[in-house]
Amino acid sequence: MLLRLEPRQFTSKRMQYASPLIAAVLTLIAGVILFSALGTDPVVALHTFFVRPLTSLYGVGEWALKATPLLLCAIGLSVGFRGNVWNIGAEGQLTMGAVCGSGVALAFWGDEGPWLLPLMLFVGVLGGMAWGAIPSMLKNRFNANEILTSLMLSYVAIQILGYLVHGPWRDPEGFNFPQTRIFGDDGILPVLLEGTRLHLGAVLAVICTIIVWIFMSRTFQGFKVSVAGQAPAAAAYAGYSRKKVILLSFLVSGGLAGLAGIVEIAGTINQLQPIISPGYGFAAIIVAFLGRLHPLGIFFASLLMSLMYLGGEQLQIHLNLPLAVTGVFQGLLLFFVLGSDVLVRYRIRLISQPKEA
Amino acid sequence: MTKLKSWRSLVAGLAVVAVAIAAGFGPARAADPLKVAFVYVSPIGDAGWTFQHDLARKAIEAKFGDKIKTSYVESVGEGPDAERVIRQLAADGNQLIFTTSFGYMNPTIKVAKQFPNVTFAHATGYKRSDNVSTYLARFYEGRYLAGIIAGKMTKSNTLGYVAAFPIPEVVRGINAFARGVRSVNPDAEVRVVWVSSWYDPGKEREAADTLIANGADVLMQHTDSTAVVQAAQDRKVYAIGYHSDMKKYGPKAHLTASTHNWNQFYIDKVQAVMDGTAKSDDTWGGIGAGMVELSPLGDMVPADVRKLVETASADIGSGKLHPFAGPVVDNKGKTRVPAGENISDGDLLGMQYYVEGVVGDLPK
């Protein structure tokens, strides 16, 4: 007997909308079982995970703050994913964006003005674009698999960051610890809400999301990307250049990941250090698919993902549940969301194999 | 217009709810147990840096019983997440918060400013403020003792050292080890392999294998996993553990481990906060203070070596012996500390050279 996934001929519109709700109900049931088995009151645990992070203005600020880099990376990746271009290296492009933008802040340290921040953001975007351009050119010129090259370049970027903070960019007054100087006030993104850490980067992320939405749904270039993804043969017949789609996808996703990197540095950490991202670039791949590659979906998916990070911390702080449990619960949530999404569009068929003599 | 109004009232309503909930998080009353929180950089696991801090957390629980309530958060990233976690612990009524990794330095200082009535203690950093203390242990004293054992146990006169990053803390450990080795075996050399990670069992294992292939027969590590001890066990050479007693990962290889013991420091800190006498200070205790100790020596270590280690340990504890007593000569032949003097704490904290006995150049 074999299990086979077959695309459904008719995808029920109603089920498409219902699938997130089904996933939510399944997650709640699984949560009740999981937390009861651990001897924790499931109602308290679920409340702590989903509600408690958002019960203060500060918490809401953190929610949006953590969603910001996820949204920026995921919205960029979605362009390529729709065009069948697989950029797995947003983490590296984020890192290079942070490195390049921070380089500007450090170069003008002590000699700055209101022009500094826009310049940092601009250079950060360029850094991410440049890093994204490498796998696209390798693909276009040598047909190198962009999944591998973009992924590997992520580790190269992290090593470059490590070299800089351990070496030439180390804070001269920092006792040789691997950190750069803290940026001057002109290199720090302004806070939006007093009493929170929510900074201008969140607004930039929303603006970028809207721009990408318009680009994909209203422009000819965006149309070309979609066609290249859905019907490569048709795109080739129409004379759309595959190479241009690849380059464009990498420039957009790289640039937005680079923006995420510099926004994260200029908004929260205000200095470079060996680790600047808990894997936002990789988590963004999940976010992009969780949001069905649609800008609005990605917007909500990034908020959900962000809430899962915050909720996991809350379970540790308030209920002393170990980190592994929160990891399991986060995994369950993603499993149900993605699983019900697949089952709405595909069905499982049991196929009995003919017996061979 | 009406739509705008209803939005406004919604926002106002939310703000009221938020304030009400925030008020519920106010500081604990006097009769309540003292809430003490810990921020860990990695999972607790079975051995390593965080494991030792958690042992001390359990020690204060055992000591103070229901007079305190502890909590911890594992695997908190050293980026922007740290600030949120530390802030939440403070807002949640914890009166004493230990932040146990270097990368938490700036977030700790930032949050402490917003919570002047909470006491913070940050491990391994150098920034202090009115309610932020710093603490560290003189791990190099344990390294020196480990060096004595390694220098006596080696047959090949080549010792391997798996190291994380070339920061002063790590360089100091390598140098103290080399000076311990050279104090009993002037012919032995220390070879270092850098793995650019605090915790990466795969890379640590490779580094250990490389060192063994190059003739090292005693391995020392400044990384967080047990891979080096396991490699030594498999390849039938000796190893010295770090952070925690790692004997069970390589019983035939494990000579000893240079371990951390935060128990007494944490007990004292909790007591000070209870008595209202906590003040901002810097603690840098070693063998004398019980913050650094060797785990029980393996059976393969002969009696005369045990004797040597005991004497040296007692002398370091009493201050009679300093692992960096002059002359300290670097591996290029330059005298860094003249004869008759001990190295200053400032020079120890910024150490960026290899002493004689270490092979190679320090990565820049």
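Structural remarks
- When only Cα pairs below 8 angstrom with a gap of at least 6 residues are kept, segment A:69-320 shows a relative contact order of 39 percent.
- Put a dot 7 Å past the Cα of A:Ile214, heading toward its Cβ, do the same for B:Lys67, and the two dots end up 6.6 nm apart.
- Of the residues A:Tyr237, A:Thr326, A:Val203, the one whose Cα sits farthest toward the positive end of the charge dipole of chain A, with +1 on the Cβ of Lys and Arg and -1 on the Cβ of Asp and Glu, is A:Tyr237.
- Across all directions, the average projected area of the convex hull around the alpha carbons of chain B is 22.1 nm².
- Among A:Ser56, A:Ser302, A:Ser12, the largest mean-square fluctuation in a Gaussian network model of chain A, built with springs joining Cα atoms closer than 10 Å, belongs to A:Ser12.
- Debye intensity ratio I(q)/I(0), log10, segment A:256-316, q values 0.28 Å⁻¹ (C-alpha model): -1.16
- P(r) tail for segment B:101-216: Cα pairs beyond 18 Å make up 61% of the total.
- Eigen-decomposition of the gyration tensor built on the alpha-carbon atoms of segment B:190-230 gives equivalent ellipsoid semi-axes of 16, 10, 9 angstrom, largest listed first.
- Sites listed here are GluC sites (Glu not before Pro) in segment A:112-202 whose DSSP assignment is loop and whose Cβ has at most 15 other Cβ atoms within 10 Å: A:Glu173, A:Glu194.
- Residues A:His294, B:His260, arranged from fewest to most other Cβ atoms within 10 angstrom of their Cβ, appear as A:His294, B:His260.
- Take each residue of peptide A:60-70, count the partner chain Cβ atoms within 10 Å of its Cβ, and average: the result is 1.
- Förster radius 60 Å - calculated FRET efficiency between B:Asp282 and A:Val51, Cβ distance, rounded to 0.05: 0.90
- Each peptide in A:276-289, B:281-294 gets a packing score, the mean of other Cβ atoms within 10 Å over its residues, and the list from highest to lowest is A:276-289, B:281-294.
- Convex hull volume per residue for segment A:192-344, taking Cα atoms only, in Å³: 150 Å³
- Pairwise Cα distances in segment B:107-162 exceed 18 Å in 54 percent of cases.
- Segment B:Lys155-B:Arg336, length gained on full extension (0.36 nm per residue, minus Cα span): 62.2 nm
- Unit Cα scatterers, Debye sum, chain A: log10 I(q)/I(0) for q = 0.08, 0.13, 0.16 Å⁻¹: -0.45, -1.10, -1.41
- √(5λ) per eigenvalue of the Cα gyration tensor, the protein assembly as shown, largest first, Å: 47, 32, 27
- Relative packing of A:201-213, B:137-149, which averages over residues the other C-beta atoms within 10 Å, highest first: B:137-149, A:201-213
- 10 Å Cβ neighbours from other chains, averaged over peptide B:70-76: 5
- Counting Cβ atoms of other protein chains within 10 Å of each residue's Cβ and taking the mean over peptide B:79-89 gives 6.
- Directionally averaged projected area (convex hull, Cα atoms, segment B:210-364), nm²: 12.2 nm²
- Of the trypsin sites (Lys or Arg not before Pro) found in segment B:287-344, the ones in coil according to DSSP and having at most 15 other Cβ atoms within 10 Å of their Cβ are B:Lys320, B:Lys332, B:Lys334.
- Label-zone membership for segment B:154-171, site B:Thr210, 7 angstrom Cα→C-beta point, backbone N under 14 Å: B:160-166
- Helices that extend 18 Å or more along their long axis by alpha-carbon positions and average at least 0.0 on the Kyte-Doolittle scale are, among the DSSP H runs of chain A, A:13-37, A:57-82, A:90-107, A:116-142, A:146-166, A:201-218, A:242-264, A:295-319, A:323-345.
- In nm, spacing of pseudo-spin labels at A:Phe300 and A:Gln159 (7 Å Cα→C-beta vector): 4.2 nm
- Calculated P(r) tail over 22 Å for segment B:31-137, as whole % of Cα pairs: 24 percent
- Chymotrypsin sites (Phe, Trp or Tyr not before Pro) within segment A:122-209: DSSP coil, no more than 14 neighbouring Cβ in 10 Å: none
- Modelled this way, with points 7 Å down the Cα-to-C-beta line, the labels at A:Glu173 and B:Asp130 are 2.2 nm from one another.
Quick note: the coordinates plus some simple rules give every number you see, no bench work behind them. From a predicted model like this one, the values you see are computed outputs, not experimental measurements. In this analysis, Cβ positions are derived from the backbone assuming ideal geometry, glycine residues included, and neighbour counts consider all displayed protein chains.
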